[in-house]
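Values in this text are rule-based calculations from the coordinates and carry no lab data. The structure displayed is predicted, hence computed values, not measured ones. Cβ atoms come from the backbone with ideal geometry, glycine included; neighbour counts cover every protein chain shown.
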Amino acid sequence: MKTFGCRCGNTVFFENTKCVACDHELGWCPACQNVTTLLPADGGRFHCGNDSCTSVLAKCHNYAVEHVCNRCCLVPDDSSKPAEFCDYCRFNDTIPDLSVPGNKEMWQRLEAAKRRLLYTLDLLKLPYGKSEDGVPLPLAFDFKADVVHKRKWWWAMGKEERVYTGHADGRITINLREADTVEREKSRVFFQEAHRTIIGHFRHEVAHLYWQMLVQGICEPEFKAAFGDHENPTYADAQQRYYEEGPKKDWQVNYVSAYATMHPWEDFAETFATYLDMVSVLDTALHMRVAESCDPTTADLPIMVERYVSLGIVLNEMNRAMGLIDLVPEILLPPIIAKMQFVHELVRAAAN
Ligand SMILES: [Zn+2]
Ligand SMILES: [Zn+2]
Ligand SMILES: [Zn+2]
Ligand SMILES: [Zn+2]
């Protein structure tokens with residue numbers, strides 16, 4: 001991720017909505033692809049504060065009304081209305097019930113992670129869109145909470161509708177509970193995970209979308225050679241075995257996580273998510289002018305891995321210095337790098 005500049009000269013960040021130095025509102029300008037100073041104009045509109053752009057902008061509905069977004073929509077030159085939702089919020093199909101206290105704050109955290117996800121997909125030029133954009137597998141987000149019906153009468157049982165974080169045919173569902181910091185950390189400890197983050201969930205689930213879009217019926221033999229046979233055992237059988245017997249022994253040699261041992265689809269999703277982690281860290285290091293980074297959109301995989309590993313040593317020690325968990329917990333051994341090479345080639349081919 002880059003940093004951006006307010007007109008006053010202050011450095012501002014991807015998530016910001018206001019400059020702390022000059023109090024100007026900020027927003028993402030889709031024309032110049034920047035977090036920019038929003039200069040008020042007539043009719044509740046704004047001008048992009050970037051002098052080489054000055055586009056007329058309107059805040060996304062989720063920015064202006066809900067305060068969970070910081071992106072703007074371009075106001076067309078003719079008298080037609082700008083889009084109601086920004087280029088990232090247009091993929092939301094279901095948002096949480098905002099009458100429930102606390103849901104707005106948790107939704108805001110999901111949106112912040114979603115914007116980071118889509119920024120990385122844009123950086124890598126990975127295809128995604130809605131059905132009207134003509135993409136083969138339209139993307140949609142459902143952000144939902146578990147529904148617990150309280151018993152009203154003594155004979156009525158308490159009923160629960162559980163929401164499962166997952167992917168189905170382009171639709172990514174995230175359980176709102178994952179935005180509850182305490183609940184998420186409890187799950188991380190229970191499942192013995194090195195990390196459990198909202199952005200990590202998005203990266204994992206979008207990987208399933210790309211498997212369906214870029215691998216299924218296109219390069220399944222090559223996938224099998226890299227990740228194993230996804231048809232035998234079936235996903236259901238593999239899942240049952242995983243929950244009965246736990247992960248494969250000594251999984252660290254061949255897999256980025258214990259969960260990846262469940263089935264080749266989960267191995268692909270975990271490996272793809274790790275690849276997106278790596279791209280995001282390298283891209284940030286590149287823009288922060290940290291020595292030893294590389295451009296993750298053009299570099300070869302061995303260089304990317306080498307730089308990520310050496311950055312990881314530094315970043316892990318930094319985190320340990322502050323009493324935090326390791327930033328780069330994975331040990332990228334050759335069998336894992338071989339699978340990352342498959343992901344790398346898939347991503348680069350999709351970008352062209
Ligand atoms: Zn400022
Ligand atoms: Zn602009
Ligand atoms: Zn938006
Ligand atoms: Zn999965």
field: Long pairs among LYS224/LYS249; LYS2/LYS248; LYS249/LYS339, criterion Cα-Cα beyond 30 Å
entry: LYS2/LYS248
- prompt: Efficiency by 1/(1 + (r/R0)^6): what FRET value for ALA41 and VAL290, r their Cβ-Cβ distance, R0 = 56 Å, to the nearest 0.05?
  reply: 0.90
- line: Note: ASP78 to VAL182 extended length (0.36 nm per residue) minus current alpha-carbon separation gives 32.5 nm
query: If you bin the C-alpha pair distances of the chain every 20 Å from 0, what whole percents do you get?
result: 26, 57, 16, 0
- prompt: Can you give the FRET efficiency for TYR243 and GLN216, using 1/(1 + (r/R0)^6), R0 = 22 Å, r = Cβ-Cβ distance, to the nearest 0.05?
  reply: 0.30
statement: Note: probe point = Cα of ALA64 + 7 Å toward Cβ; backbone nitrogen < 19 Å; residues of segment 19-34 passing the test are 25-31
- request: Using DSSP to define loop residues, name the trypsin sites (Lys or Arg not before Pro) in segment 189-252 whose beta-carbon has at most 12 other beta-carbon atoms within 10 Å.
  value: LYS249
- prompt: List the chymotrypsin sites (Phe, Trp or Tyr not before Pro) in segment 1-92 that DSSP assigns to loop (not H, G, I, E or B) and whose Cβ has at most 12 other Cβ atoms within 10 Å. Which are they?
  reply: PHE13
- line: So LEU98 and VAL309, fully extended at 0.36 nm per residue minus their Cα-Cα distance, gain in nm 71.8 nm
- request: Under a 10 Å cutoff between Cα atoms, tell me which one of GLU205, GLU178, GLU25 has the largest fluctuation in the Gaussian network model of the chain.
  value: GLU25
field: Å³ per residue enclosed by the Cα convex hull of segment 219-352
entry: 115
- line: Distance in Å, no decimals, from the C-alpha centre of segment 61-116 to the one of segment 184-250 is 30
- request: Take the alpha carbon atoms of segment 88-216, find their radius of gyration, then divide it by 2.2 N^0.38 Å using N residues; give the quotient.
  value: 1.17
statement: Diffing segment 121-129: the Karplus 3J(HN,Hα) column from phi (6.51, -1.76, 1.60, θ = phi - 60°), in whole Hz with x for Gly and Pro, holds 4, 5, 4, 7, 6, 6, x, 7, x
statement: Exposure proxy check on VAL314, VAL347, VAL35, VAL100: fewest-to-most Cβ neighbours within 10 Å is VAL100, VAL314, VAL347, VAL35
- prompt: How much length is gained on full extension from ALA31 to ARG196, taking 0.36 nm per residue of separation minus their Cα-Cα distance?
  reply: 56.0 nm
- line: Rounded to the nearest 5, the percent of DSSP beta bridges in the chain running antiparallel is 70
- line: A correct Kirkwood calculation over the Cα atoms of segment 4-87 returns a hydrodynamic radius in Å of 12.5
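For the residues LEU137, LEU121, LEU282, what sequence is obtained by ranking on other C-beta atoms within 10 Å, fewest first?
LEU137, LEU121, LEU282
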